[in-house]
Structures are given as C-alpha cells and as structure tokens.
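Following this message is one structure expressed as structure tokens.
The values are calculated or read from the model by the stated rules, or taken from the named source; none is laboratory data. All of these numbers come straight from a predicted model, not from anything done at the bench. Neighbour counts are summed over all protein chains in view; Cβ atoms, including those assigned to glycine, are modelled from backbone coordinates with ideal geometry. Quick note on the areas: whole protein, heavy atoms, side chains included, nothing else; ligands and nucleic acids left out. Shrake-Rupley method; radii C 1.70, N 1.55, O 1.52, S 1.80 Å.
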Amino acid sequence: MTDDSRAEAPDSTGAAVGAGVLPTTLPLLDRERSILQFNRRVLAQARRADVPLLERLRYITIVSSNLDEFFEVRVADIIEATRQPGSGVTRHDLASVARAAHELIDEQYALFNDAVMPALQHVGIVVLNHAERNAAQRKWVQRFFETQVRPLLVPVSLDPSHPFPQVANKSLNFIARLGGRDAFGRDNQIAIVKVPRVLPRVIRLPDELCPRQQGFVLLTSVMRAHLGELFPGREVVSFSQFRVTRDSDLDVEADDVVNLRQAMRSGLTTRNFGLAIRLEVVSTCPPELYSFLLEQFSLPEVALYKVNGPVNLVRLNQLIDQADGDALHFPHWEPRWPDAQLPRTRSIFERLRAGDVLLHHPFESFEPVVQFLREAVHDPDVLAIKQTIYRTGAQSELMDLLIEAARRGKEVLAVVELKARFDEEANINWAERLEAVGAQVVYGIVGLKTHGKMLLVTRRERGRLRRYAHLSTGNYNPRTARLYTDMGCLTADPGLTADADVLFLQLASQTRSKAPRYLLTAPFMMHRRMLRHIGQVAVAARAGRPARIVAKFNALTDPGLMQALAEASQAGASIDLIVRAACMLPPGLPGRTENIRVRSVVGRFLEHTRILYFRWGEGDDDEVLYLSSADWMSRNMFRRIEVAWPVRDRALRQRVIDEGLVPYLHDERDAWLLDSEGRYRRVAETGVSAQQALMQRYS
C-alpha cells in the first residue's frame, strides 16, 4: 500500500497501536443500550402529534426493521462472544441487553395499539379482525383465502417421518395444536404452517364493502379465521403466529476461497438458516406451544418475545403504501436541481473546470451525479470510468450507465463490495453483469470492506488527460438520496482527482504508491490524522487560543478517538458532537468531558452526513473541514477502505458549516441531548427544526 502511511494495527480495544493514544480510561456508555436508545428516539417520532398519522406508523415500522438488524447482527455477535473463552462477555450481559430490548418492544406495541391505530381508525383507516368484519366482508375474505392463500399453503403435521421443517429467517409461520386423530388414526398434535413470502401481508378490502372507510385485513387475521380449514376432521385447540430471527452474518473467510464472488453467492443460500437468535410469538400463545418452539430452535426463554399484535410490524409498510390521504403523509418534497451552481444547459465538465460543485442531499437533487456519469458515458473524449459500488440497489441507472460505458469501449473499473450487509445479492448480480460486458471488476482488499464513495472520470482534452471526480458521504443510490442527508462534491481539482486515482490503483493492483496529498484514507492514515487534529485543538486550548471541534457522524465508538476528545476537553477545548445513533462517550463528566456536548437529531430524513471541523487558532491556516464516508468507529478506521477529503474552497467550506453544522447545533424540535448517564432528553417539542429550515431554504 502507501509507503509512508501504512495501515495502523488495532489492539484489542480497537485503538491504534503507536498512534499516541492509550486505551481509554473513560467510563464508556454501553454500545448496545446506546443503539436501543437511538430506536427509542425514532419511536418517539411516532408519539408526536405534529407528525402525520401514516408517518407515525412508518416510524414504528422503522423501529421494527432496525431491531431485526440489531438481533441479526449485534445480539448474534454477543451470543458468539459468550461462547468464546476470555472474551469478557457473559450471559449476564446478554440478559441485560435482552431486558432492554423487551422494554423497548413492549413500548412499541403499546404505542401501536393504544395510540396510532386508534388515531387511524378515527380518520377512517381501519384494520378489521374477524370479529369486526361484517357478513359481506367475511365472505370476501373467505373467497380471498380460498383462491389466493390456501393453494399456496402446505401444512405439516409433525411425526417421526415429518420432522420440524426448516424455518427461514424472519418468515411468517403458524403453529397449531390439534385435537382428534389424523387420516391414519394417529394423534400427532403439533402442526406447522409456513406462510409464503409472496403473499401480501396487508390486504385492502374493496371500497364498496367499506363505505366511508378504508378497510384493511392482515394476512395473519385471514389465516387465523380459516386455520381450521387446513385440518379437516380435526379441531384446532390452540395456535399462534411465530417468527424466528437468525444470525445473518455471511461466514465467508476470504483468505480461504479462490473466488470471493462465488463463495458469497453460495453463502447467500444458507444465510436464511443461520443460528436462531430470537423467537417472536403473539401474547396469547400458550406456554406449551412457545416452550416447544424454544426447544426446536435451542433458545433460552430470554430469547422469547411475546408481542401484542402482528409479529412483523415492518410489513405494515404495505398499509402505508395502499392508504389514501395526502394529509396523512409528509408533504411531498422534490429535491431541487442546483441551477445556480450547475446550469442544465452547460456541460458538467466545462462547469467543473471553473470550480467545485457541492451537493447537499436530499435538499438538492442527486440527479446531477447521474447526469455527470451519463455525460461521461456518451462523451467520446472520455476514456475511463472508475467507481466504488457499496449500496446501489437492485435497480440502478448508475449501474446501467456503467454497463453502457463498457459496451461503448470505455475502460471501466468497478470496485464492488460484496460484503455490503443485506445488499450482497444485488452487488453480486451487478458484478456479473459488468463482467459480462468487459468491465474490470474487483472486490477491494481481502479483510477490508470498501466503504468509500468515489467516481472518477478520465477525459482527453487538447492532447492531455484530465480527471473529474465525485466524492460523497453517502451511497450511489438515487432512492435513498431522497431519504438520507448527505453531501457530495463534483470536482476537477487536480490534487483530489490524482489522489482518487492512486486509491483506485491500490484497490485494483494492491501495489505500494506514494501517500495521497489531500485525501485521507482508512485504514492507512485517517485515524492518525483525526488524532493529530484533536491534539492540535488541545494544544491551542492550553495556550489560550481559539480551540473548537464540531463533528457530525452516525456513531462514536472508537476508544482512541473518545480518549483524545476527553483530553481535548480537559485542556479547555469547546467540543460539539452531533451523533445520530450510538455514542459511547459520556459528555459532561466534571473534569473529564465537561466541555463536550452530544446531541442527536432524528427527523423526517435519516441523518447520514459526516462532517469534521477543527479549529486551533485565529488564522486561516488554523482550521480544517473534512467531509467523510467514515463514522468514528474502530471498524471504519481499521477494517474498511474509507475516504475523507478537505473542503478547501473557502466559500464552499462556509456553506458546509452554515448548512451542515450550524442548523443542527440550534435545532430544538428534532434534537436530543445526551447526559453523562447515557440518557437522552428532547430539547423541545416545538421550535426550530434543522431539516425543515433547510427545506424552506431550498424550496
């Protein structure tokens, strides 16, 4: 790799060995509880009267989706750690996390049942169970069951020749205890019904059956009402829906395989049947049924979650999508094309030769990025295109454009991250399609995820080659660019584009080369440079000079960086951290972190921008501001390929401060403050919202 910026080896704490920072002595906050606290803040959005009703329901589904991943990844890791001697993780730790998760899930279902659903019913959106359906509605549901559902069901009555079936991760299933005897005179009592994923989980009733209302039924309700029909001649004594969550890590050791893509595709076939982590049943499930299920999945009782409602609230997104009523949704927001920066009638290459263009999503459109690549694909003077691919989605115009570029004979290099969790299959498919048309596809560096976002275009101009680039804090996904806040930069800066080219060369050839001049890269120099800047701020504070840090990212869990921030605080530096999700650094500890303030902003859009500002004096050369793809986590600093780049243009730097930092420091309505005990409190119920202020600025 780089000659003078070799990767720093992390020690057991995740801190950089030789980086000048010892493992932290701070009393850190618990990471898992911090993640659950973030989901409490998301759930709090569903309580807000000023949030439209269907959006309140959406926040509830978001919490369910987040918790699914929490169990699939974090809890799975904790369980694995409890089995490793010397890990320091005990079953008591696992039980503590489970208790906190149980409390949050109980609150979630209480809010769903007691507040959100009654409010939706008040405005005419009703979810009808069997008892609430009238005769005409019941007849329609029965017909739906007979024609659309029953033909796809294969109930399995368990006995020695019909063992407990394989149950896929997060799939919907029913368990029933049967009375009487089967067709062969036996009294086998337990039956399992697997519900195919192709069936809709929320069904809208015809309008003529629901005058003055929008009527819906859940598939689980349809199944409950007609479960007995699956077992003619027998009595359904008791039953329950159930769902099992499994460890979803793809256990592929890159060092042991010849072709990582083939190994990953093979691993995808078994992911749905990993180690069971959590069992969900309805609250009315009889003990004999959930005890039987716990035994089948080899789970302790602490892994049982009895819920008062559907076992998968995520699927209620189907209700949100089908329901009518503009007032029940957030007002439509259309990101703005940056006409002042980037006139539509002008070539993007020509514009970039005059200076950089900063894009702030979703307030500004992601379409200029697509147009940049589109122009490159169709420009005969463009010779080469290189791009990192992390999360682009199963449908992507950007990937289609790369394929078209290869078809047109341009040199295309795609650095595809096959281990982008839950996007592996889409990325494998894109890799195969790109290779099929002659693009050069590589999968980054063994053992390191390629998480940095870069797009580099090389163009022949007047007999010489010139590079253009796009660097971003977020993914190359136009859909999520409408939902996540991110910043990106289109540039023809020779220094930045040359550095990007060096990094692409390293990712493809794994050769050593000179260190980048401007780009900071992980795992090579980013952690060390962050520590250096924090140290510069601390020195300035001790000398009585202006000393300021403002940093915005998604998570703060790296011990070395937290220790350095605490030392800067002790020196007298003023530090504001805007951390969306997990934060293990306790602010406000007297004599240790009393000059550190931590806030989290949870609003309409998912905060995703990473901005790092350091000031250590009064001069123009005594400050620096970076945009980055990396959070301040050990995995980002040492186990991923990440990029951060300085915003050197003074006007653009001030714009990043004015839009990406200052509004969030003054947010009242969507902001939460963290205290030294790990508790969050909302700043205010009303007042200024950073996201709304930015929407007004760009509207």
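Which order do the peptides 549-556, 78-85, 284-291 take when ranked by the mean count of other beta-carbon atoms within 10 Å per residue, highest first? Mind showing how you got there, number by number?
Numbers: 549-556: 23.1, 78-85: 13.0, 284-291: 15.2.
Ranking, from highest mean packing down: 549-556, 284-291, 78-85.
Just the Cα atoms of region 379-435: what Rg and Dmax do they give in Å?
My reading of the Cα-based Rg and Dmax gives 11.4, 37 Å.
To continue, here is another question. ³J(HN,Hα) across region 304-319 via Karplus (A = 6.51, B = -1.76, C = 1.60, θ = phi - 60°), whole Hz, x for Gly/Pro?
These are the phi-based 3J(HN,Hα) values: 8, 10, 9, 10, 9, x, x, 6, 9, 5, 4, 5, 6, 4, 5, 5 Hz.
Still on this structure, I have one more. Based on alpha-carbon centroids, what's the gap between region 61-135 and region 568-582 in Å, whole number please?
Rounded to whole Å, the Cα centres lie 31 Å apart.
Helix-only mean residue ellipticity at 222 nm, the chain, DSSP H runs n ≥ 4 weighted -39,500 (n - 2.57), per residue, nearest 500. What is it?
Values: 21 runs with 224 residues, N = 699.
So the calculated ellipticity at 222 nm is -9500 deg cm²/dmol.
Suppose every Lys and Arg Cβ carries +1 and every Asp and Glu Cβ carries -1, with no other charges. What dipole size does the chain come out with about its Cα centre, to the nearest 20 debye?
On the way: 90 positive and 85 negative charges, 132 e Å.
Result for the chain is approximately 640 debye, rounded to the nearest 20.
Could you sort Arg374, Arg181, Arg635 by accessible area so the largest value comes first, with the probe set to 1.4 Å? Walk me through the numbers before you get to the answer.
Details: Arg374 55, Arg181 145, Arg635 80 Å².
Final ranking, largest accessible area leading: Arg181, Arg635, Arg374.
Okay, next question. Rg/Rh for the chain: what does it come to with C-alpha atoms and Rh from Kirkwood? Don't skip to the end; give the middle numbers.
On the way: Rg = 27.3 Å, Rh = 27.7 Å.
So for the chain, dividing Rg by the Kirkwood Rh gives 0.99.
What accessible area per residue, rounded to a whole number of Å², is obtained for region 397-543 using a probe radius of 1.4 Å? Mind showing how you got there, number by number?
Details: 5610 Å² over 147 residues.
Per residue, region 397-543 has an accessible area of 38 Å².
Placing unit charges on C-beta atoms (Lys and Arg positive, Asp and Glu negative, everything else neutral), compute the dipole magnitude of region 381-427 about its Cα centre in debye, rounded to 20. Intermediate results must be reported in sequence, preceding the final value.
On the way: 7 positive and 9 negative charges, 25 e Å.
I would put it at about 120 debye.
Also: Take the Cα pairs of region 553-660, get the Kirkwood Rh, then feed it into Stokes-Einstein at 10 °C and 1.306 mPa s and tell me D in µm²/s.
On the way: Rh = 14.9 Å.
Estimated diffusion coefficient is 106 µm²/s.
Further, regarding this structure: Using the Cα centre of region 347-473 as the reference point, and only Cβ charges (+1 on K/R, -1 on D/E), how large is the resulting charge dipole? Debye, rounded to the nearest 20. Display every interim value, and only then the final one.
Details: 19 positive and 18 negative charges, 111 e Å.
Using Cβ point charges on Lys, Arg, Asp and Glu, region 347-473 gives about 540 debye.
Right, another one. At a temperature of 25 °C and a viscosity of 0.890 mPa s, determine how fast region 302-440 diffuses translationally according to Stokes-Einstein, using the Kirkwood radius over alpha-carbon pairs as Rh; express D in µm²/s, rounded to the nearest whole number. Write down the numbers at each step before the final one.
Values: Rh = 18.5 Å.
Answer from the Stokes-Einstein relation: 133 µm²/s.
Work out how far the C-alpha atoms of region 100-200 reach from end to end along every principal axis, then list the three figures in whole Å, largest first.
Sorted from largest, the Cα extents of region 100-200 read 52, 44, 27 Å.
On a 0 to 90 degree scale, rounded to 10, what angle separates helix 397-407 from the longest Cα axis of the chain?
Long axis of 397-407 versus the principal axis of the chain: about 60 degrees.
How large is the convex hull of the C-alpha atoms of region 526-576 per residue, in Å³? Don't skip to the end; give the middle numbers.
Values: hull volume 3.4 nm³, N = 51.
So the per-residue hull volume is 66 Å³.
I'd like the per residue volume of the convex hull spanned by the Cα atoms of region 602-699, given in cubic angstrom. It would help to have the intermediate numbers written out before the result.
Working: hull volume 15.3 nm³, N = 98.
For region 602-699, the hull spanned by Cα atoms encloses 156 Å³ per residue.
Below 30 Å, Cα to Cα, which lysines can Lys306 reach? Residues fewer than 8 away in the same chain don't count.
Lys170, Lys194
Where a Cα-Cα gap under 25 Å defines reach, which lysines qualify for Lys386, not counting those fewer than 8 residues away within the same chain?
Output for Lys386: Lys410, Lys419, Lys449, Lys453, Lys514.
Once the other residues with Cβ under 11 Å from the Cβ of Pro52 are scored (Lys, Arg +1; Asp, Glu -1), what is the net sum? Don't jump to the answer; show the numbers that get you there.
On the way: positive: Arg48, Arg56, Arg58, Arg604; negative: Asp50, Glu55, Asp326.
Charge balance near Pro52 sits at +1.
Could you tell me how many degrees, from 0 to 90 and to the nearest 10, lie between the Cα long axis of helix 526-542 and the main elongation axis, the longest principal axis, of the Cα atoms of the chain?
70
Projected onto the charge dipole of the chain (+1 at Lys/Arg Cβ, -1 at Asp/Glu Cβ, origin at the Cα centre), which of Tyr664, Gln371, Gly687 gives the Cα projection farthest towards the positive end?
Highest projection toward the positive end goes to Gln371.
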